[in-house]
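Written below as structure tokens is the structure these notes are about.
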Amino acid sequence: MSILDGCQEGKHTPMLQEIPCPVCGEVIEVFTKDGKAVADSECSKCKYVIKEGTTV
Ligand SMILES: [Zn+2]
């Protein structure tokens, strides 16, 4: 029981992923959960925004 709970908890914790910007290729750090961005993340170079809820 506790092992299963631990597994599910880990799966639902946001992860920091480095996603290449689709516009300029700069690496954008995006917090993701279940394969989706959990917050808007702006490219530091071209200001492209990966919106919350975007599949990454
Ligand atoms: Zn960019």
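Okay, here's what the table says:
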read-out: Where HIS12 falls short, out of the listed (1) more than 8 Å from the ligand (Cβ to nearest atom); (2) in contact with a strand residue (DSSP E or B) (Cβ under 8 Å, 6 or more places away or on another chain); (3) at pLDDT 90 or above; value: (3)
read-out: Count - residues of region 39-56 that are surrounded by 15 or more Cβ atoms within 10 Å (Cβ to Cβ) and more than 8 Å from the ligand (Cβ to nearest atom); value: 3
read-out: First in region 30-56 and under 15 Å from THR13 (Cβ atoms), second anywhere and within 10 Å of the ligand (Cβ to nearest atom) and not in a loop (DSSP other than H, G, I, E, B), Cβ under 8 Å, 6 or more apart; value: VAL30/ILE50; ALA37/ILE50
read-out: Residues located in region 19-38, provided they are within 14 Å of the ligand (Cβ to nearest atom) and in contact with a Lys or Arg (Cβ under 8 Å, 6 or more places away or on another chain); value: CYS21, CYS24, GLU26
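The values are calculated or read from the model by the stated rules, or taken from the named source; none is laboratory data. Computed from a predicted model, the values in this text were never measured in an experiment. When we count neighbours, we look across all protein chains shown, and the Cβ atoms used for this are built from the backbone with ideal geometry, even at glycine.
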